[in-house]
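This report concerns only the one structure given below.
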Ligand SMILES: [Zn+2]
C-alpha cells in the first residue's frame with residue numbers, strides 16, 4: 001500500500017514549550033466554566049466507572065513509563081529536562097496513585113513540566129487538577145482547542161465534568177512538534193473518538209536503541225456513523241504520520257497490561273514485546289482499530305452513550 005508523502009505539517013519546526021504556548025492565539029477559546037457548576041450527582045459512564053484495579057507501574061522503555069490502573073493511566077517521559085505526562089487518569093484518586101507510583105519508579109513528580117491531554121473524556125483529564133494543585137503547580141497543560149471548547153461549552157450533566165481542566169497553556173495543533181530536553185513530541189489531530197482527540201509520536205529507546213512510538217489518542221468507535229467514519233479517516237491520517245516517522249511501537253492511551261505483562265518477564269537479550277516493526281504497526285496495530293470501526297459499521301450497532309446523554313435531550317427528527 002502506498003504511503004502518502006510527508007506533508008508540510010510533518011516537517012513542522014520543533015517548538016520550545018514557550019513557543020508552543022505562544023503559537024496559537026486563543027480568541028476561539030471558550031471561557032472556563034467553574035467545576036462547581038457540575039452536579040455532584042453526575043456519575044461517570046458505567047463501563048468506565050472508577051475506581052479501577054491498580055497495576056504495578058512499569059518502565060516500558062529506557063525513560064518511558066506507565067502508571068495507572070487496569071483501565072487507563074499515565075505515560076511518563078523523562079526528557080532529561082523535566083518530566084512529561086501523557087494524560088492524568090480518571091480522577092484525583094487515580095492521580096494520587098500515579099504520583100505514588102512515580103516515586104516507586106524513582107521519578108520525582110515535582111519535575112513534571114508538561115501535561116499532554118490526549119482527549120476530552122474524563123478518564124484522561126480527571127486527575128489533572130490534582131496534579132496541578134498537589135504535585136506540579138507550574139506544569140504546563142496542553143490539549144486541543146476543540147477539546148477545551150467542548151468541555152467548557154457542553155451542559156454539565158452531559159459529561160463527567162467535575163474535574164474538567166480549568167486552564168490550558170498550550171493548544172495542541174495538528175502536526176505541532178514540541179521539544180523538551182532530548183525528546184520531541186509530535187501531536188497529530190485524530191478526531192472521531194472525540195472532536196478534539198490528539199495522537200502522539202515520540203521517540204523511545206530500549207537499551208539505547210531508538211524506536212518510534214505511535215500513541216493513538218482514542219481508537220474506539222463512538223455512537224454515530226459519522227463519528228465512526230471520522231475514526232476511520234483519522235486512523236489513515238495517523239498512519240501517514242506514523243509511516244513518515246517510521247513508528248514501530250504501537251500504543252494507546254489505555255492500559256495494555258497483556259503486553260506489559262510480557263515485558264515484566266522479559267529476559268536479557270529477548271525482543272521487546274512492544275516493538276512490532278513498521279509493517280506490523282500498520283497491518284496489526286492500526287488494523288485492530290480499523291476492524292473495530294468496520295465491525296461497528298457492518299453491525300449497525302453503535303456504542304450507546306447512555307450515561308452521557310440525558311434522555312430529555314433525545315429527540316426524533318422527521319425524515320431522518
Ligand atoms: Zn475516550
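Derivation of every value follows stated rules applied to the coordinates shown; laboratory data play no part. Computed from a predicted model, the values in this text were never measured in an experiment. So basically every Cβ, Gly included, is an ideal-geometry build from the backbone, and we count neighbours across all protein chains shown.
Here is how the numbers come out for the structure above:
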{"read-out": "Extension reserve of the residue 209-residue 294 stretch, reckoned as 0.36 nm per residue once the Cα distance is removed", "value": "27.0 nm"}
{"read-out": "Additional length obtainable on full extension of the chain from residue 229 to residue 100, 0.36 nm per residue less Cα span", "value": "42.5 nm"}
{"read-out": "Packing-based exposure ordering (other Cβ within 10 Å, fewest first) of 124, 211", "value": "211, 124"}
{"read-out": "Antiparallel DSSP beta bridges within the stretch 71-120, as percent of all bridges there, nearest 5", "value": "50 percent"}
{"read-out": "Ascending count of other beta-carbon atoms within 10 Å, so fewest first, for 54, 261", "value": "261, 54"}
{"read-out": "Per-peptide average of other Cβ atoms within 10 Å, ordering 174-187, 191-204, 18-31 highest first", "value": "191-204, 174-187, 18-31"}
{"read-out": "Packing-based exposure ordering (other Cβ within 10 Å, fewest first) of 164, 111", "value": "111, 164"}
{"read-out": "Residue 287 versus residue 22: modelled label distance in nm, points set 7 Å from Cα along the beta carbon direction", "value": "4.7 nm"}
{"read-out": "Antiparallel content of DSSP bridges confined to the stretch 53-307, in %, to 5", "value": "70 percent"}
{"read-out": "Separation of alpha-carbon centers, the stretch 212-273 and the stretch 50-85, rounded to whole Å", "value": "16 Å"}
